[in-house]
Structures are given as structure tokens and as C-alpha cells.
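The values are calculated or read from the model by the stated rules, or taken from the named source; none is laboratory data. Quick caveat, the model's predicted, so the values are computed rather than measured. Cβ coordinates were reconstructed from backbone atoms using ideal geometry, including for glycine residues, and neighbour counts include every protein chain displayed.
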Amino acid sequence: MRIRRGWLITILAVVVGIVLLRVTLFRPHPIEVEIATVDRGMVEDAVTNSQAGTVKSRLRARVGAERAGRVLSIPHREGSKVHRGDVLLQLDPSSAQVQLDLALRDRDALRATLESARAATTLARQDHARAEQLRNQSVISEEQMDQAKSRLDGANAELRAAQARSSRTEAAVNLARDELKHLRVVAPFDGVVTSRFVEVGEPVIPGQAVLEVMSPDRLYVSAPIDEIDIGRLSNGLPARVTLDPYPGVVWRGVVSRVSSTVNDIKEQNRTLEIEVDLAPDPAHPQPKPGTSADVQIILDRHDHVLRVPTFSVIEGKRVLLANGKKAVSRDVKVGIKNWEWTEITDGLKEGESVITNLDRQGLKAGVVVAPKPRGDANPPGTAEARTRGSKSKP
């Protein structure tokens, strides 16, 4: 009897020891998790470009000479502001100027001839009128009257010939002046000279591009959007644009064009080209055409709604709560979302704490956790969202 009681006491001691070891030495260590508080705020549904977009100008032209010649001067260099009609390039006008001088001398000479013909016609007309009066008085014969009529007809013919020659010389002068004008390349609109392709002394041929002019006041961004978002895009949607050289600066824009065709050159990454007009903003730096850009098109926006960081939602339908010292699973219903925030329409209350670093090893419902607030102001996944949603540079 005493032996059996001793065994019972020993077994009981072992069980108590095991229990004490499990709750002390072998107790599982809590998983350290980061939490975010369910709060109210703004959530947007947005589409971003899948690859790098590019800033472009609506007014950008390569201008060329209309005549062949040798470059005499280039008054404006790259970066110079120009106005419509300003001379950008002057070809050597020597030959054209000689032709104009000759045409002017011919014109002046024929003007004198024309004046002489007019005077002769006036005199012949007066003689003819006097002859008619004398014939009516039977003072002169019909033969003399015919001679006066013949002199008037000859004077009129000479006048018409002089007028024709004078018109031809006027046309020659205009043609020579036009040739001189075509030896100048002028700005087609107000803008900035962005490139020059020739130098002083070089020969050019008709149609050869000599300079490029761009207007900085009509800028837009051309960007590819993944084909999966085609059905959600339309003209007039608001957009935000960011440029790599200006971190943190946001330009406002509006979708002005959605391409009607899909680019299928890369079969595994089919895209649709969209254009976003940039509104001029004197408070921001002047974007430069050719700069890479990110576009975020706003499809919908809900203000003052319950929201959680998007990376805290599992499979779009549940979250893990830091409830006391354990992780607790909770089913939720979601509304619109983006890379940063997800709207919660049912399943959570304001002030509850959701776990955001779901990639922790061993983290699941029921495990012991040690919550700590996130140290940064941005929701989890923000950095990754900007990387994924911005672009993959070619």
C-alpha cells in the first residue's frame, strides 16, 4: 500500500514538473508582429502604368529648308526661346539677291516705258476726238480720220503690251523676293529650340531637317497600361503624374486619349497606350520632354470609409487581428482598394488592430504574438506598391 502511494506521488510530481516546464522553460516564444489600427480615411481605385511612360509635347516639329544652299547663320542655339516667325536659320542669299536686283531694275525700266505708252495713248485719244469733230464739220477727209483712228489703235496696243511686260516684271520681283524668303527657316510656333542638326557653312538640301522646336506649354505623358485594365479606362478621367527627376512632386492631369488597339509585340506583356495631358503648374518645375514618368489614373474615390493597409488583407477576404496575445482570424468584406489601402465594408470596427507583416514565419491564427505599432507613417506595402505599380524600365 505504501509502495503504491509512493508511485502515485512520483507520477504526480513528474506531471507537475512537465506542466511547469511547458509554461516556463519550453513555453513557445511569441511572434513579434506589426499592427495597424483600423481607421477612417480616403480610398481610391486607381490604375497605374505597367512600364515607363514618357513626357512629350503636342507641339514639336523638325523644321527644314525649302531651298538648297549653304548655311550663313543660325541665330538661336539649343535651349533658346523663340517666337513664331523668328528666323532660326539663314541660307546664303547672294545669288537670290542678285536676281532680285535685276528684277527690280527691269521693273523700273518698264515702269518708265509704261508711263510713255500711257502718255502716247492719251495724245492719240485727244487727236482722234479732234478729228471726229473736224470730220463732222467736213473740214477733213475720211482718209485723215482713218489715220487718226489707226494712231489711236496703235497707241492702245502699245499700252497693253507695256502693261503686260510690267506685270511680268512685277511677278519676277515677287518671285525673287519669295526665293529670298525661302532661304530663311522660321519658327512655326512659340517654343524652345531643342536640337540643331547643321552648323554654319554646311550645305543643305530642300526638306532636310535643320532644327527642332518644341513648345513646353502643351505637354502630355504617353504611357502603356496593362491590357487587363482596358475596360476601365476612358477619356476625361483624372490622373496623377510623377517624374523620376522630381521625387515627391505630383502633377495633375486628365486622360485625353485611350488607344483603340493593343500593342501585341510582346505577347506576354500586351499593353494599351494612353495619353495624359499635363496641366501647367507654376509651383512645380517645368517637365522636360523625354523624361520618364509614372501615371496613376483615378477610377473611383471613397472618402471617410473604414480602411486597412492592403497588405494586411489575406486573399481579399480575411485579416489577422492582434486580439490580446493571440492572432485571431476574421472574415471581412472589402470595397475598392489600391496598393496602399483597402476599404472595409463589413467585419471590422474602427480602432481594432490588424497584423500587417503577414510574411512572418509561423504566423497564423491562434499563435501567440507580441504586437508593436508600425514605426513609419506609411501603410505596409507602400514601397513595394510604388515599385510594382509604377513601371519596369526597359
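Values computed for the structure shown
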| read-out | value |
| --- | --- |
| Region 150-183, residues that are surrounded by fewer than 17 Cβ atoms within 10 Å (Cβ to Cβ), under 20 Å from G85 (Cα atoms) and among the charged types (D, E, K, R) | R177, D178, K181 |
| In region 308-342, residue modelled with the lowest pLDDT [restricted to those that are among the polar types (S, T, N, Q) and closer than 21 Å to G366 by Cβ] | N323 |
| Conditions (1) within 21 Å of K349 (Cα to Cα); (2) surrounded by fewer than 20 Cβ atoms within 10 Å (Cβ to Cβ); (3) in contact with a Pro (Cβ under 9 Å, 6 or more places away or on another chain); number of the one not met by T310 | (2) |
| When residues of region 209-236 are limited to those that are surrounded by fewer than 20 Cβ atoms within 10 Å (Cβ to Cβ) and either modelled with pLDDT of 90 or more or of a type in the set (S, T, Y) (or both), the one farthest from V250 (Cα to Cα) | A209 |
| From R4, R70, residue being more than 27 Å from D294 (Cα to Cα), modelled with pLDDT under 65 and outside the structural domain of G253 (by TED's automatic domain parsing) | R4 |
| Residue match in region 143-152 (condition: on the phi < 0 side of the Ramachandran plot and not in a helix (DSSP H, G or I)) | no |
| Selection status of T356, surrounded by 14 or more Cβ atoms within 10 Å (Cβ to Cβ) and among the hydroxyl-bearing types (S, T, Y) | yes |
| Qualifying residues in region 96-130 (those that are of a type in the set (D, E) and more than 30 Å from E142 (Cβ to Cβ)) - the one surrounded by the most Cβ atoms within 10 Å (Cβ to Cβ) | D106 |
| Given (1) assigned to a helix (DSSP H, G or I); (2) in contact with a strand residue (DSSP E or B) (Cβ under 6 Å, 6 or more places away or on another chain); (3) of a type outside the set (K, R), number of the condition I228 does not satisfy | (2) |
| Restricting region 324-353 to residues that are closer than 18 Å to D300 by Cα and of a type in the set (S, T, N, Q), the residue that is surrounded by the most Cβ atoms within 10 Å (Cβ to Cβ) | T342 |
